[in-house]
Amino acid sequence: MNLHEWITSKVNEAEAAAKQAAPGPWEATVDDHGRKGIEAGVWAGGIDNYVVEVVVSGDTHIADAHHIARHSPNAILRRCEADRRVLARHRFDPDHANFGVSFYATCCEGCGYGDCGPNVENLDDCPELIDLAHAHGITADELASLDRPEAPPYVPTPVVRRSQSRMTADQAPATFRP
């Protein structure tokens, strides 16, 4: 699995989890119950559907409720869509990956090209993908264990000498025949 595939799998996991969660919109609520403490909760789509509820004292749980509400399924699905857009731009360059130009076969299309070739020669070195992977929790060990895309071996195009390419009259296209 290369870096692009690893990120795609994490986006798929996040999307699947978001689709299984209670639909939104999610809203953080805070109620002061006096001596019993402060109730901090998150509602999903109305007051009848609590996602989480904590009755304690302290500002941390209020902040937790607001944090959880900000990461509702709708927010996660929007993030997954944004990540897929980055993945669609930063991919193997199909102009080089499919046509046998072996030394550019692993380059990142989204990072573009400079005067002397691709700006990023290997997709796993793409700074956008590395940043995206960190957002999805990749560790240094996981990053080091990923497969690095390798270019196929270079196969030179055979050179046909002029003396070898002479056609007989019956081999020539009909428009060139005498």
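The values are calculated or read from the model by the stated rules, or taken from the named source; none is laboratory data. On a predicted model such as this, the values are computed, not experimentally measured, just so you know. Because the Cβ atoms are built from the backbone with ideal geometry, glycine has one as well, and the counts that use them run over all protein chains shown.
Before moving on, here are some points about what is shown:
- Failed criterion for H96 (all others in (1) surrounded by 11 or more Cβ atoms within 10 Å (Cβ to Cβ); (2) at pLDDT 90 or above hold): (2)
- Residues satisfying the stated conditions in region 62-87, i.e. surrounded by fewer than 16 Cβ atoms within 10 Å (Cβ to Cβ), among the small types (G, A, S) and closer than 25 Å to A40 by Cβ: A63, A75
- In region 111-138, the residues that are part of a loop (DSSP other than H, G, I, E, B), free of Cβ contacts under 8 Å to residues at least 12 places away in the same chain and either at positive phi or among the charged types (D, E, K, R) (or both): G112, D115
- Restricting region 32-85 to residues that are modelled with pLDDT of 75 or more and of a type in the set (D, E), the residue that is farthest from the chain's Cα centre (by Cα) is D64.
- Residue match in region 120-128 (condition: surrounded by fewer than 12 Cβ atoms within 10 Å (Cβ to Cβ), more than 30 Å from E39 (Cα to Cα), at pLDDT below 90 and β-branched (V, I, T)): no
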